Amino acid sequence: MFTPLPSRRQESWDRETEKQLLSQGHQTLQNLGVNPANIGFSYLTMESDKFICIREKVGEQNQVVIIDMADPNNPSRRPISADSAIMNPASKVIALKGRFLQMARKKARESYVETELIFALAKTGRLAELEEFVSGPNNAHIQPVGDRCYEEGMYDAAKLLYNNVSNFARLASTLVHLGEYQAAVDSARKANSTRTWKEVCCACVNGEEFRLAQICGLHIVIHADELEELISYYQDRGYYEELIGLLEAALGLERAHMGMFTELAILYSKFKPQKMREHLELFWSRVNIPKVLRAAEQSHLWAELVFLYDKYEEYDNAVLTMMSHPTDAWKEVQFKDIIAKVANVELYYKSLSFYLDNKPLLTNDLLTILSPRLDHSRTVTYFTKVNQLKLVKPYLRSVQSHNNKGVNEALNNLLTEEEDYQGLRASIDAYDNFDTIGLAQRLEKHELIEFRRIAAYLYKGNNRWRQSVELCKKDKLYKDAMLYAAESKDAELAETLLQWFLEEGRKECFAACLFASYDLLHPDVVLELAWRHNIMDFAMPYFIQVMREYLTKVSPAPKTASPACVGAGETPPRVSPLTDNPRLFAPG
């Protein structure tokens, strides 16, 4: 009696189902000419619902009947002697147990027979005989048999067969299943296929053979379209350190591309933020900056974010980031370098507010950088509003050359508060674009005489001679009063000043004023005032000068006179003795 060859599929087949099928098909098999004695588990095998394989003996002849369930009316009979037979459920290939194939090979070296013999040896685990067989001359189709062995999990046999036909790609896959990772890497190197590298790499990662996985990975990451999948495979399993090591090693490859530098920067931002800045400084030109920007922002790496904004020429965003996160992102030199390049001038004023809150002592340095594009009037208004004009006094001095009204008035007010009358006088003389009357009105009430003196000077500059002289008289600034009266060309004002000097008992000042306002005074008025106040001695120098002038006019021209003057009948100009006799001025 024959014993059927057990198989994995047969072991998984439901025996009760098979019994039902046999009982239902018993009559049908008899109708097909099958001996009823051979219809049973000892002679019949059902690998699936596709084929039925029956061994029977007709006379002295052993044969195998194969019934295709898709065409059961046309059974196939083969004159084959075997201990057992199994039909492959996927194709019309039969596996036999026994020495039939070996005997058949001796009679005829047909490819079909040798191919089935190889598979039979693999199926029965006779690897030594299999290796000896394929090493010798044969006509078998080894590649298909290797594929069948691989699909059925007979990896040792598949290894021998793939090695024999030098199919290194399938050999690498087989070695991975056998856990021979080093050999799998060597085979993948011979196959030099991206698909094979990926398969071996993934297997090495699963087996925690990271050194070998890195060798495989270096052949994968050079392909930009494969990089993301490989990174996801590592990350999904939590092997971040190993992934970073792989990409670091890949940067030196000749075929390194932007994706590698970009993905490494992103990994640094997530897992090694302390190394990201160095990486960006070295390779910022080789990364996809928008992609790395998003990663840096998500990881709150503000300093690196500013660096990338700067390189990407998004200066506005760089400045906003530094002001939003000054502890991590603000650096003085970098900020001043970037703020000068922003497109939105409104950021200038935001930066001024930021400096006042965080770095007030550096505000003037910032203003020096911003001044070419600043609206100085708006800037002065802002600092006035926050009451910080004193802080930006150097800035005001540096931009006063523009003669801006707001700047001039702000600086003049500061100088007044600081009681720097010399600086105020210099500012007034150099820059005249300000409200002179308003400043004069404020200064005439100042407690310091020098500022009241400046007020009189301002009134004089606005042709308010009487106010100017009255202010000088009030502060007993006799010299200034005389000069302003003389400059006014107002005879009435000069005579009024003379009378005031006499009322105050300032005889010396009376005498000095006669010469300061020499061209404006009437001799008869002066004579009357001198006679009435009994100060003819003080007026006598004035009258002497007047007499000399009159005599010069009525006397013949001296021989030393210029011929041009004599011919034209001109008289020498009337010269005030003030410039020739400065000692005539009264003190004060």
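Going by what's in this entry, would Tyr382 be described as more than 26 Å from Glu417 (Cα to Cα) and either more than 25 Å from the chain's Cα centre (by Cα) or buried (at least 20 other Cβ atoms within 10 Å of the Cβ) (or both)? The answer is no for Tyr382.
With respect to the stated conditions, Ala158 fails to be under 17 Å from Ile220 (Cβ atoms) and buried (at least 17 other Cβ atoms within 10 Å of the Cβ). Name the single residue, out of those in region 253-302 being polar (S, T, N, Q) and part of a loop (DSSP other than H, G, I, E, B), that is farthest from Tyr239 (Cα to Cα). Checked region 253-302; the qualifying residue farthest from Tyr239 (Cα to Cα) is Asn288. Within region 359-371, residues that are in contact (Cβ under 8 Å) with a residue 12 or more places away in the chain reach partners that are surrounded by 17 or more Cβ atoms within 10 Å (Cβ to Cβ) and not in a helix (DSSP H, G or I) with beta carbons closer than 8 Å, at six or more positions or on different chains, in the pairs Leu367/Leu374. The set of residues in region 237-258 being among the aromatic types (Phe, Trp, Tyr) and buried (at least 17 other Cβ atoms within 10 Å of the Cβ) consists of Tyr239 alone. Is it the case that some residue within region 77-84 is touching a helix residue (DSSP H, G or I) at 6+ places or on another chain (Cβ under 8 Å), surrounded by 12 or more Cβ atoms within 10 Å (Cβ to Cβ) and at pLDDT 65 or above? Within region 77-84 (the criterion being touching a helix residue (DSSP H, G or I) at 6+ places or on another chain (Cβ under 8 Å), surrounded by 12 or more Cβ atoms within 10 Å (Cβ to Cβ) and at pLDDT 65 or above), the answer is yes, since at least one residue qualifies.
Which helices (runs of 4 or more DSSP H) does region 420-522 wholly contain that include 3 or more residues that are under 60 Å from the mean Cα position of the chain (by Cα)? Don't jump to the end; show me each part of the working.
Values: elements: 421-430, 436-443, 449-461, 465-474, 478-488, 491-503, 507-516.
Once the helices (runs of 4 or more DSSP H) in region 420-522 are filtered for at least 3 residues that are under 60 Å from the mean Cα position of the chain (by Cα), what remains is 421-430, 436-443, 449-461.
Listed here are the residues, each with its yes/no results for (1) small (Gly, Ala, Ser); (2) open to solvent by 40 Å² or more (accessible area, probe 1.4 Å).
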residue: Asn288; (1), (2): no, yes
residue: Arg294; (1), (2): no, yes
residue: Ala303; (1), (2): yes, no
residue: Leu308; (1), (2): no, no
residue: Ser351; (1), (2): yes, no
residue: Phe354; (1), (2): no, no
residue: Asn358; (1), (2): no, yes
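Do you know which residues across region 164-178 are open to solvent by less than 40 Å² (accessible area, probe 1.4 Å) and among the small types (Gly, Ala, Ser)? Passing the criteria: Ala169, Ala172, Ser173. Taken as a whole, the condition of being in a helix (DSSP H, G or I) and open to solvent by 40 Å² or more (accessible area, probe 1.4 Å) applies to Glu199.
Quick check, is Glu450 modelled with pLDDT under 90 and open to solvent by 10 Å² or more (accessible area, probe 1.4 Å)?
On the way: modelled with pLDDT under 90: no; open to solvent by 10 Å² or more (accessible area, probe 1.4 Å): yes.
When the stated conditions are applied, Glu450 does not pass them.
For region 216-231, the condition of being open to solvent by less than 40 Å² (accessible area, probe 1.4 Å) and farther than 15 Å from Leu253 by Cβ holds for at least one residue.
Of the residues Glu332, Glu281, Glu313, the single one that is surrounded by fewer than 15 Cβ atoms within 10 Å (Cβ to Cβ), over 14 Å from the mean Cα position of the chain (by Cα) and not aromatic (Phe, Trp, Tyr) is Glu332. Under the condition of being over 20 Å from Ala184 (Cβ atoms) and among the hydroxyl-bearing types (Ser, Thr, Tyr), the residues counted in region 211-242 number 2.
Identify, from the list Asn387, Asn433, Asn412, Asn403, the residue that is open to solvent by 80 Å² or more (accessible area, probe 1.4 Å) and of a type in the set (S, T, N, Q).
Numbers: Asn433 fails: open to solvent by 80 Å² or more (accessible area, probe 1.4 Å); Asn412 fails: open to solvent by 80 Å² or more (accessible area, probe 1.4 Å); Asn403 fails: open to solvent by 80 Å² or more (accessible area, probe 1.4 Å).
From the options Asn387, Asn433, Asn412, Asn403, the qualifying one is Asn387.
The values are calculated or read from the model by the stated rules, or taken from the named source; none is laboratory data. Just so we're clear, the structure is a prediction, and the values are computed from it rather than from any experiment. Using ideal geometry, Cβ is built from the backbone for each residue, glycine included, and neighbour counts are taken over all protein chains shown. Accessible surface is based on the protein model in full, side chains and every heavy atom, while ligands, DNA and RNA are left aside. Shrake-Rupley method; radii C 1.70, N 1.55, O 1.52, S 1.80 Å.
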